[in-house]
Amino acid sequence: MERWDVVVVGGGPAGSAAALAALRTGATVLVVDRAEFPRDKVCGDGVAPEALDVLAALAVDPAELTAGYPAVPRLSLRSPGGATVQRATARPSHVVPREVLDGRLLAAALARGARFRRHAVRELRPDADGVTVDGALRAGVVVGADGAESVVRRALGLPTNRTDRLAVAIRGYAPELPGQAGTQVLVTTEQRWPAYAWSFPLGDGRANVGYGELVSGGATRAALVEGLHRLLPGVAPGRLRAHRLPLSTGRPRQPDGRVLLAGDAASLVNPLTGEGIFYAVVSGALAGAAAAAGPDAGVRYRAALHRRLDAHLRSSSAAARLSRWPALMDATFRAAAADQRVFDDVVALGLADGRLTPRALTGAVRELAVGRA
């Protein structure tokens, strides 16, 4: 039987980050994915600077990952009631098509010694000494980075998210909105709340555009398309593809043992914005590093995730509950328009690992009081 120290299932950002981190411990690493690379992946394509920081710590040059896709220094937000704010972010983001980003990340892992094989995993059998994959591969540790429909997660007996902790979105590519250059646009709405649309510019005249809402809202494809055109009137996307977003409010407990979950497979998707690339590379890097612990990998990885993300995830979950009141969202956006520091706090909470700060809460309460006066 073919033997590897670490088998990573899924070659996206979480899987590549896991491979890169495991290689740094001296492990032999095989990445398997059901698709050949490069391949498209339905996503908003937004890459926060904090995600690039994680990859830089794994010796991946951010400039190489984002080459050809200029920095996007501004963000425009519109609240459910129509309050708007547009400001420069503390650090610029990038918008890189996943076909490009994932291909570059996997190439970086292969250049450092990982191997890649096209293979659709169907069965895992963990035991005290390792994990057997489809009766043909033997791994010391398996990292499941295989997305929202994770086979690895199902093999662990972990259920999918409840419908109120699962979003669905459609995405396509379209010409930039008039005057949009250099600005990511995110528009929320009271209709079918919580729901939002986005337009993220690639820098070549095109933008990644999409619309998403909770599955529990009973969304149909027709409703998603209608929502996109209602919030971004005049947008003319090409082919629209749908994907599910398992939100972090429904994340499972990482089990003990030799099988780890990272990224979407671990329900690490921001419940406020649907952002997942930052979570993917953070969790992937932590999983890859923890794999060296063998039978204790699950315990070590769970502790590392707790230290790195738990305070943020508590904040994002609390903010998601508070966001059920559109009037509070309106007040928060008005506070962000009035104070750059509040804006930065909101962005960090929605796109990286920020906290629900007293400054943002105080600003929102103050604006809420003004609005009711």
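The values are calculated or read from the model by the stated rules, or taken from the named source; none is laboratory data. Since the structure is predicted, the reported quantities are computational estimates derived from the model, not experimental observations. Counting neighbours? That spans all protein chains shown, and the Cβs are built from the backbone with ideal geometry, glycine included. Protein only, heavy atoms only, side chains kept; ligands, DNA and RNA dropped before computing areas. Shrake-Rupley method; radii C 1.70, N 1.55, O 1.52, S 1.80 Å.
Structure values in brief
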{"quantity": "Region 1-114: antiparallel DSSP beta bridges as a percent of all, rounded to 5", "calculated": "65"}
{"quantity": "Hz values of 3J(HN,Hα) by residue in region 198-211 - Karplus curve (6.51, -1.76, 1.60), Gly and Pro given as x", "calculated": "9, 9, 10, x, 7, x, 10, x, 9, 9, 7, 10, x, 8"}
{"quantity": "For Ala207, distant residues with modelled amide H under 5 Å away", "calculated": "Ala174, Glu176, Leu202"}
{"quantity": "Volume per residue that the Cα convex hull of region 273-347 spans, once the total is divided by residue count, Å³", "calculated": "97"}
{"quantity": "Percent carbon-and-sulfur accessible area, the chain, ignoring ligands, DNA and RNA, probe 1.4 Å", "calculated": "53"}
{"quantity": "Cα long-axis angle, helix 340-351 against the chain (0 to 90 degrees, to the nearest 10)", "calculated": "40"}
{"quantity": "Dimensionless Rg over Rh [region 180-286; C-alpha; Kirkwood]", "calculated": "1.03"}
{"quantity": "Dimensions in Å of region 36-181 - Rg and Dmax from alpha carbons", "calculated": "19.4, 59"}
{"quantity": "Percent RCO, i.e. relative contact order, over the chain, from Cα pairs under 8 Å lying at least 6 residues apart", "calculated": "22"}
{"quantity": "Under the Karplus curve 6.51 cos²θ - 1.76 cosθ + 1.60, θ = phi - 60°, whole-Hz ³J(HN,Hα) for region 99-107, x wherever Gly or Pro sits", "calculated": "4, 7, 4, 5, x, 5, 5, 5, 4"}
{"quantity": "Value of Rg/Rh across region 1-95 [Cα atoms, Kirkwood radius]", "calculated": "1.10"}
{"quantity": "Interchain or long-range residues, amide H under 5 Å from Val269's placed H", "calculated": "Ser248"}
{"quantity": "Label-to-label distance, nm, for residues given as Thr220 and Glu123 (7 Å Cα→Cβ offset)", "calculated": "4.1"}
{"quantity": "Cα-based radius of gyration of the chain once divided by 2.2 N^0.38 Å, which approximates compact folds", "calculated": "0.97"}
{"quantity": "Charged-residue dipole, Cβ positions (Lys, Arg, Asp, Glu), the chain about Cα centre, Debye nearest 20", "calculated": "540"}
{"quantity": "Semi-axis lengths (Å, descending) of the ellipsoid that matches the C-alpha gyration tensor of region 100-250", "calculated": "36, 22, 11"}
{"quantity": "Helix 221-231 vs. the chain, principal-axis angle (Cα, 0 to 90°, nearest 10)", "calculated": "50"}
{"quantity": "³J(HN,Hα) computed for each position of region 274-281 - Karplus, 6.51 cos²θ - 1.76 cosθ + 1.60, integer Hz, glycine/proline x", "calculated": "x, 5, x, 5, 4, 4, 4, 6"}
{"quantity": "Spacing of the two label points (7 Å from each Cα toward its C-beta) at Ala56 and Ala327, in nm", "calculated": "4.4"}
{"quantity": "Rounded accessible area per residue of region 103-252, 1.4 Å, Å²", "calculated": "44"}
{"quantity": "Degrees separating the helix 326-338 axis from the principal Cα axis of the chain, which is the longest one", "calculated": "80"}
